[in-house]
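Colleague: My questions all concern the structure below.
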């Protein structure tokens, strides 16, 4: 089990649920645009949000954001340690610094100030931002060395990250890091790309690490509307069973045996049950060959027939219904099981 | 290194490139619809295609498909071993059987006949299709036991698979299986669901295994048009560096520092270079803060400025161009590097 920190009221590490992060893509100095984006992200299920603080105008805006955001705010600061200190002074809930672009003295100054305000710091090492290309092992060591510097200044409210844009290097760096430290880890890729390949890359890297038990908070970094980052982050948690309070529709991949329109039907069920916050598995199977057998993990479901379909629950057929009534029948079962 | 088999002229295992499979969703007995789907899949990059053979009309169609398909065909047979034998007689290139729904005697008969025709068999165990819910370890053992039965009948032209609809169980079952056998492995989930969660589940399961060096051929099983399965399969291979002959656009996730429309621009570059079959990395970065530094892995790229942007190559700025000319500049570089 990792250690934990609190970012405002959000616990990261120490067995807390893996939290989902994103980052605003607005000008932080534009308060209205930025708070609007934060509300959108919070609605999509974002647990904490990062904003970049590249100038003093952003600090002024940050102060208002901190007061009005429904979720904790992380200030992202590069190069200028004074902006980090000003962000702390503005009341930010967490600070992210990159040890490759500030001096050791600045690291210590920031750590001392963060400690005095009880604000955690993420040490976010990036493969690309140091002078030479660092190996996964070197990335992990740089994160740990920076953590030691911060400990010397009295703070152990730390979260570590070692990102690269390469899936294999990222997984290797975090596996290495998790051997070296018990600080909570922020996982993700950097510069993952557009949705096209970025989602696949992030799903594999983040998913592999979570399956290994590595990772306390995550960001799916995409060149896209950041709401997409949150949606994909939630999907990863759902896909590997770390988030269970939703209706999972299990569907067969359809083949020559299929007797109902499985895809259309599965999507209808997904849409109609999207509001239900309870762990339920509903199976939509195109035939009786694999239907009930392959749906043993499902709470209930349907095996499609030509005109009539079989509704089953806990592996037993409970009803044969006309195909027109199948959706209604499944929703009734979902609602009953939901209440 | 695993052993290998040949499916017609396609090598699976033994260090061959990981091949991408899919399955037709047409009635196999409908030759015209099925061959049309196969051509569509082959165009999308499908290396071999599975068709279900649930009846004798399908066998008649299979004979024509085998002659006219540009990619090798796998016959998927359940319950009735006579359909398996008939598929072999029809000249199919590979057979898939599920040991949970045929007898041991049928397994031996099929193996003997496949051996005499030099046709490989996939032993496709599914968590759902046995009487009781099998653990990952039990799935792996069932696959290996069935392989032994087939070896007793003289064939070792085998590919093994142990799928479940659960990411964690699937990864565990294949890790177990790879310890027990050196036969090539077909990896994937079963009943992964619609594109909504199915892509994430498959990416994580298949990606994790491939990162471990497990898997010789894959199917992303989706309740969707099977062309989507092939597209996602290719993405997984690209995401972890197992397929390199394409243009990868690395882009920053955009933030308050961004000075160009990174997402729009990255998508334009992706689209304009989709035809190039050569390993190239092009970076699209929104600012000069992280721009060149974080793009060290890129062959060339752009750091966006307000009116002018920096074009860099191998880490060196080679040009400052007007923002209107950036796309053209990058494509010129891509074509030169391509020729």
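Colleague: Looking only at segment A:120-134, which residues are within 14 Å of chain B (Cβ to nearest Cβ) and part of a loop (DSSP other than H, G, I, E, B)?
Modeller: Going residue by residue through segment A:120-134, those that are within 14 Å of chain B (Cβ to nearest Cβ) are A:124-134.
Selection gives A:127, A:128, A:129, A:130, A:131, A:132, A:133, A:134.
Colleague: Another one. For segment A:49-78, which residues satisfy the criterion of being over 14 Å from residue A:96 (Cα atoms), touching a helix residue (DSSP H, G or I) at 6+ places or on another chain (Cβ under 6 Å) and facing another protein chain (nearest Cβ under 10 Å)?
Modeller: A:61
Colleague: Right, next: With the condition kept exactly as written, say whether any residue in segment B:226-243 is more than 8 Å from every other protein chain (Cβ to nearest Cβ), assigned to a loop (DSSP other than H, G, I, E, B) and surrounded by fewer than 18 Cβ atoms within 10 Å (Cβ to Cβ).
Modeller: So far as segment B:226-243 goes, yes, one or more of its residues are more than 8 Å from every other protein chain (Cβ to nearest Cβ), assigned to a loop (DSSP other than H, G, I, E, B) and surrounded by fewer than 18 Cβ atoms within 10 Å (Cβ to Cβ).
Residue-wise test of (1) at pLDDT below 95; (2) farther than 21 Å from residue A:260 by Cα; (3) touching a strand residue (DSSP E or B) at 6+ places or on another chain (Cβ under 8 Å).
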{"site": "B:14", "(1), (2), (3)": "no, yes, yes"}
{"site": "B:22", "(1), (2), (3)": "no, no, yes"}
{"site": "B:25", "(1), (2), (3)": "yes, no, no"}
{"site": "B:41", "(1), (2), (3)": "no, yes, yes"}
{"site": "B:59", "(1), (2), (3)": "no, yes, no"}
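Colleague: For residues in segment A:1-12 being in contact with a strand residue (DSSP E or B) (Cβ under 9 Å, 6 or more places away or on another chain) and outside any strand (DSSP E or B), which is surrounded by the fewest Cβ atoms within 10 Å (Cβ to Cβ)?
Modeller: Start the filter on segment A:1-12 by keeping residues that are in contact with a strand residue (DSSP E or B) (Cβ under 9 Å, 6 or more places away or on another chain), which leaves A:1-8, A:10-12.
Next, only the ones that are outside any strand (DSSP E or B) stay: A:1-3, A:8.
Numbers: A:1: 10, A:2: 21, A:3: 16, A:8: 16.
Among residues in segment A:1-12 that are in contact with a strand residue (DSSP E or B) (Cβ under 9 Å, 6 or more places away or on another chain) and outside any strand (DSSP E or B), the one surrounded by the fewest Cβ atoms within 10 Å (Cβ to Cβ) is A:1.
Colleague: Additional query: Collect the residues in segment B:192-219 that are within 12 Å of the chain's Cα centre (by Cα) and not in a helix (DSSP H, G or I), keeping them in residue-number order.
Modeller: Passing the criteria: B:215, B:216, B:217, B:218, B:219.
Colleague: Search segment A:142-171 for residues being assigned to a loop (DSSP other than H, G, I, E, B) and surrounded by fewer than 18 Cβ atoms within 10 Å (Cβ to Cβ), and hand back the single one that is nearest to the other protein chains (Cβ to nearest Cβ). Walk me through it before giving the result.
Modeller: Pass one, segment A:142-171, residues assigned to a loop (DSSP other than H, G, I, E, B): A:153-157, A:164-166.
Then drop every residue that is not surrounded by fewer than 18 Cβ atoms within 10 Å (Cβ to Cβ), which leaves A:153-154, A:156.
Working: A:153: 26, A:154: 30, A:156: 28 Å.
Filtering segment A:142-171 for residues that are assigned to a loop (DSSP other than H, G, I, E, B) and surrounded by fewer than 18 Cβ atoms within 10 Å (Cβ to Cβ), the one nearest to the other protein chains (Cβ to nearest Cβ) comes out as A:153.
Colleague: Test residue A:198 against the stated conditions and say whether it is on the phi > 0 side of the Ramachandran plot and either within 13 Å of another protein chain (Cβ to nearest Cβ) or in contact with a strand residue (DSSP E or B) (Cβ under 6 Å, 6 or more places away or on another chain) (or both).
Modeller: Values: on the phi > 0 side of the Ramachandran plot: no; either within 13 Å of another protein chain (Cβ to nearest Cβ) or in contact with a strand residue (DSSP E or B) (Cβ under 6 Å, 6 or more places away or on another chain) (or both): yes.
Judged against the criteria, residue A:198 is not a match.
Colleague: Exactly one of these conditions fails for residue A:253: (1) under 23 Å from residue A:317 (Cα atoms); (2) at pLDDT 85 or above; (3) within 10 Å of chain B (Cβ to nearest Cβ). Give me its number.
Modeller: For residue A:253, the failing item is (2).
Colleague: Another question about this same structure. Are any residues in segment B:20-37 surrounded by fewer than 24 Cβ atoms within 10 Å (Cβ to Cβ) and away from every other protein chain (no Cβ under 13 Å), and if so, which ones?
Modeller: Hits for segment B:20-37 are B:32, B:35, B:36.
Colleague: Further question: Sort through A:75, A:42 and tell me the only one that's crowded, with 23+ Cβ neighbours inside 10 Å and closer than 23 Å to residue A:189 by Cα. Please lay out each step first, then the result.
Modeller: Numbers: A:42 fails: crowded, with 23+ Cβ neighbours inside 10 Å.
Being crowded, with 23+ Cβ neighbours inside 10 Å and closer than 23 Å to residue A:189 by Cα holds for just one of A:75, A:42, which is A:75.
Colleague: Also, I was wondering about something else. Of the residues B:211, B:189, B:177, B:158, which single one is touching a strand residue (DSSP E or B) at 6+ places or on another chain (Cβ under 8 Å), within 18 Å of residue B:233 (Cα to Cα) and assigned by TED's automatic domain parsing to the domain that holds residue B:72?
Modeller: B:189
Colleague: Given the residues B:271, B:222, B:189, which is the only one that is part of a helix (DSSP H, G or I) and either surrounded by 24 or more Cβ atoms within 10 Å (Cβ to Cβ) or modelled with pLDDT under 90 (or both)?
Modeller: On the way: B:222 fails: part of a helix (DSSP H, G or I); B:189 fails: part of a helix (DSSP H, G or I).
Result: B:271 is the single residue among B:271, B:222, B:189 that is part of a helix (DSSP H, G or I) and either surrounded by 24 or more Cβ atoms within 10 Å (Cβ to Cβ) or modelled with pLDDT under 90 (or both).
The values are calculated or read from the model by the stated rules, or taken from the named source; none is laboratory data. Fair warning: this is a prediction, and the values are worked out from it, not measured in the lab. Please note: Cβ atoms are built from the backbone with ideal geometry, for glycine as well, and neighbour counts cover all protein chains shown.
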